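Okay, structure first, notes after.
The values are calculated or read from the model by the stated rules, or taken from the named source; none is laboratory data. Note that this is a predicted model, so its numbers are computed, not measured. Neighbour counts run over all protein chains shown; Cβ positions are idealised from the backbone, glycine included. Accessible surface areas use protein heavy atoms only, side chains included; no ligands, DNA or RNA. Shrake-Rupley method; radii C 1.70, N 1.55, O 1.52, S 1.80 Å.
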Amino acid sequence: MLATVAQRMRDVIREPRLLGRRGGDEMVALIADLTRPEVAVEVAQALIRSIAEPVQIFGIEVSVTPSIGIAFFPQDGADLDTLLNAADAAMYQAKESGRRTYAFFTPAVARRVDLRLRLEQRLRKAVETHDFKLHFQPLVSLADGKMVGAEALIRWNDAELGEVLPTEFVPIAEESGLVVGLGEWVLKDACRARQVWRTMGLDVPPLSVNMSGVQLRQLGCVEALLDVLVQHDVQPAEIEVEVTETGLLDTSAVARENLIRLRNAGVKLALDDFGVGFSSLSHLRDLPIHRLKIDRSFTVECMRDARTLTIVKAVIEMARSLGISVTAEGIETQAQQTWMQHLGCDSAQGFLFARPLAPEEFLKLFLDKRGVGRERSLMH
Ligand code: C2E
Ligand code: MG
Ligand code: MG
């Protein structure tokens with residue numbers, strides 16, 4: 001594939017222009033005879049057209065989607081390193097705007113790159129110093145309003161950057177590999193919380209922790225997880241692991257194997273954010289899943305779109321007949337609760353019942369609602 005792409009690029013980038021491979025799948029073209037800036041765009045378009053043509057490899061049709069970043073000498077960089085970094089940043093910009101396209105290095109790109117680098121540096125530090133907190137959000141049974149579980153959600157309040165949202169930093173943690181250390185801390189902290197509750201004699205329902213696909217693909221991640229449980233005297237059944245569909249997209253053999261081993265060890269598995277991205281019903285059949293979490297966007301959408309409703313109905317029915325418990329995520333209104341209850345969801349999570357709470361607040365809520373009777377319900 002590389003050789004084919006290189007040959008095609010060579011056909012576009014002819015002497016006196018230079019073409020080189022920087023490593024992996026990154027190529028660099030140096031166009032020293034640039035008469036007008038528009039020429040760079042023409043070259044980029046020609047490259048995209050020729051690279052994107054499908055290739056036959058061992059009888060299989062393969063196509064690649066190139067992303068091109070363009071930087072100009074000397075305004076974007078007066079030395080080689082700076083110029084290459086600028087082109088690199090512009091390429092990432094192109095990737096983000098949907099691939100198969102090109103982008104220029106601009107001040108806006110420069111700012112974003114700076115911000116991202118800074119975020120990653122701060123995050124690295126936070127992972128080293130465990131500068132995080134866990135909040136807990138109850139999972140509520142739609143049958144009687146009782147708390148049937150709680151999800152541990154990470155919070156990061158950085159001394160320099162302030163409060164950073166998980167939706168901002170978790171993807172960066174995943175790309176940089178920091179998510180492994182982060183995930184380890186989350187699990188340990190969740191186990192420590194359970195230890196504290198146990199010494200208080202409290203029977204708090206199982207805690208769910210989110211696990212990134214990056215973690216799941218690590219060899220030895222199951223042993224590491226089980227080790228932490230043993231160290232904290234926490235039973236596998238007290239912890240549920242949430243994985244997202246996107247994390248499983250390329251369900252590698254290792255990830256699948258690890259899911260099965262987790263399940264065999266007695267750890268329950270939830271498929272998170274169902275309905276976002278490439279939801280696949282085959283995951284329900286093939287993976288040892290205990291719970292399906294229907295994404296908030298699906299809930300909102302199915303209340304106003306008949307086709308989505310049909311899909312959601314079918315998914316819930318199928319899950320239930322496979323013995324998979326169904327949780328509706330992000331329930332904010334009474335109407336959403338009634339709707340999802342009616343569609344057959346077993347439980348729900350959302351601001352209507354409780355926001356993610358700091359440990360002390362969570363404990364207070366648990367103590368308030370403990371026991372039996374309707375007044376103990378988290379439902380309205
Ligand atoms: P998630 O696992 O799907 O978590 C649910 C998210 O929905 C949480 O956002 C929660 O605060 C939010 N939420 C709950 N109820 C409602 C509601 O009624 N309305 C709305 N609009 N939102 C609601 P949060 O805490 O910002 O986390 C976002 C995502 O970041 C999580 O989505 C999860 O994918 C990831 N994440 C959070 N903590 C961790 C972690 O410890 N490890 C990993 N790998 N990922 C995490
Ligand atoms: Mg989750
Ligand atoms: Mg979710």
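Key figures for this structure:
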read-out	value
Extreme residue, modelled with the lowest pLDDT, among residues of the range 218-256 that are among the charged types (D, E, K, R), in a helix (DSSP H, G or I) and open to solvent by less than 50 Å² (accessible area, probe 1.4 Å)	245
Single residue of the range 274-302 satisfying the filter (modelled with pLDDT of 90 or more and part of a loop (DSSP other than H, G, I, E, B)) that is surrounded by the most Cβ atoms within 10 Å (Cβ to Cβ)	289
Any hit, the range 355-371, residues being within 22 Å of the chain's Cα centre (by Cα) and either more than 16 Å from residue 151 (Cβ to Cβ) or not hydrophobic (A, V, I, L, M, F, W, C) (or both)	yes
Set 248, 219: member being among the hydrophobic types (A, V, I, L, M, F, W, C) and within 15 Å of ligand 2 (Cβ to nearest atom)	248
Residue ID - nearest to the chain's Cα centre (by Cα), chosen from residues in the range 257-273 that are within 14 Å of ligand 1 (Cβ to nearest atom) and open to solvent by less than 30 Å² (accessible area, probe 1.4 Å)	272
Condition met for residue 331 (in contact with a helix residue (DSSP H, G or I) (Cβ under 6 Å, 6 or more places away or on another chain), within 16 Å of ligand 1 (Cβ to nearest atom), of a type outside the set (Asp, Glu) and touching a residue at least 12 places away in the same chain (Cβ under 8 Å))	yes
Of the criteria (1) open to solvent by 30 Å² or more (accessible area, probe 1.4 Å); (2) assigned to a helix (DSSP H, G or I); (3) charged (D, E, K, R), which one residue 194 fails	(1)
Every residue from the range 33-53 that is surrounded by fewer than 10 Cβ atoms within 10 Å (Cβ to Cβ) and farther than 17 Å from residue 104 by Cβ	33, 35
Members of the range 56-80 that are under 20 Å from residue 99 (Cα atoms) and loosely packed, with under 15 Cβ neighbours inside 10 Å	61, 62, 63, 65
Matching option when the condition is within 11 Å of ligand 1 (Cβ to nearest atom) and either of a type in the set (Ser, Thr, Tyr) or not in a strand (DSSP E or B) (or both), among 209, 186	186
Meets criteria (within 16 Å of ligand 3 (Cβ to nearest atom), under 23 Å from residue 180 (Cβ atoms) and at pLDDT 90 or above) for residue 135	yes
Residue selected from the range 124-140 under the condition closer than 30 Å to residue 349 by Cα and assigned to a helix (DSSP H, G or I), by the criterion least open to solvent (accessible area, probe 1.4 Å)	126
Selection count, the range 317-335, where residues are within 25 Å of the chain's Cα centre (by Cα), of a type in the set (S, T, N, Q) and away from ligand 2 (no atom under 16 Å from the Cβ)	0
Answer residue from the range 301-345, given it is away from ligand 3 (no atom under 16 Å from the Cβ) and among the charged types (D, E, K, R) and is nearest to residue 269 (Cα to Cα) among those	320
Subset of the range 337-355 (residues that are surrounded by fewer than 20 Cβ atoms within 10 Å (Cβ to Cβ) and either within 16 Å of ligand 2 (Cβ to nearest atom) or in contact (Cβ under 8 Å) with a residue 24 or more places away in the chain (or both))	339, 341, 343, 344, 351, 352, 355
Members of the range 17-32 found to be open to solvent by 40 Å² or more (accessible area, probe 1.4 Å) and either within 32 Å of the chain's Cα centre (by Cα) or modelled with pLDDT under 90 (or both), listed by number	21, 22, 24, 25, 26, 27, 28
Qualifying positions in the range 115-159 - among the charged types (D, E, K, R) and either under 13 Å from residue 169 (Cα atoms) or away from ligand 1 (no atom under 16 Å from the Cβ) (or both)	116, 118, 120, 122, 124, 125, 128, 144, 146, 155, 158
